[in-house]
Amino acid sequence: MNIAEWYERAAQEWPPRDLAFKAALRRGAQELLTRGYGRASRAFADASRLAEGDDRELARGLVHLAAAGHRLKAGEADSATRQLAHARRRLAPALGRTDPVDVASLVAAVERDPGPR
């Protein structure tokens, strides 16, 4: 690939898919940590659309995690428990992952959510 082709390809793929994926995950993580579960879910859904392979499973698990937080916040404990189980199943392979987000800390944050306020 010559330099002109490289620039043309780069312009068509801006921002690069991997950077956009990481940015969506970080945005979702920030929202999740501040109990903005709806916004977190949307950011993680964006990440899921950008992801490939194992990253897609990570993003989908985080969508379930945000849904569990939303259900907890709404006082729907049974539904939250089901969503949390889906999230744990999908996130199990990524629990040790800290880049671009600390998955275990995000799971712990939702598990500690006190529910409706």
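The values are calculated or read from the model by the stated rules, or taken from the named source; none is laboratory data. Keep in mind it's a predicted model, so treat the numbers as computed, not measured. When we count neighbours, we look across all protein chains shown, and the Cβ atoms used for this are built from the backbone with ideal geometry, even at glycine. Please note that ligands, DNA and RNA were not included when accessible areas were found on the heavy atoms of the full protein model with its side chains. Shrake-Rupley method; radii C 1.70, N 1.55, O 1.52, S 1.80 Å.
Here's a check for you: in segment 74-117, which residue that is part of a loop (DSSP other than H, G, I, E, B) and of a type in the set (A, V, I, L, M, F, W, C) is farthest from residue 30 (Cα to Cα)?
Within segment 74-117, the match that is farthest from residue 30 (Cα to Cα) is 74.
Go through (1) within 17 Å of residue 110 (Cα to Cα); (2) touching a residue at least 24 places away in the same chain (Cβ under 8 Å); (3) of a type outside the set (A, V, I, L, M, F, W, C) for residue 54 and report which single condition fails.
(1)
Among the residues of segment 20-53, how many are under 17 Å from residue 100 (Cα atoms) and either among the small types (Gly, Ala, Ser) or more than 14 Å from the chain's Cα centre (by Cα) (or both)?
Result for segment 20-53: 13.
Hey, among 35, 71, which residue is at pLDDT 95 or above and outside any helix (DSSP H, G or I)?
After ruling out the rest, the residue left standing is 35.
Do you know which of the residues in segment 1-25 that are exposed (fewer than 13 other Cβ atoms within 10 Å of the Cβ) and acidic (Asp, Glu) is modelled with the highest pLDDT?
The extreme case among them is 5.
Of all residues in segment 103-116, which are open to solvent by 50 Å² or more (accessible area, probe 1.4 Å), in contact (Cβ under 8 Å) with a residue 24 or more places away in the chain and among the charged types (D, E, K, R)?
111
Would you check which residues across segment 68-91 are within 22 Å of residue 21 (Cα to Cα) and either more than 14 Å from the chain's Cα centre (by Cα) or open to solvent by 30 Å² or more (accessible area, probe 1.4 Å) (or both) and list them?
Within segment 68-91, 86, 88, 89, 90 meet the criteria.
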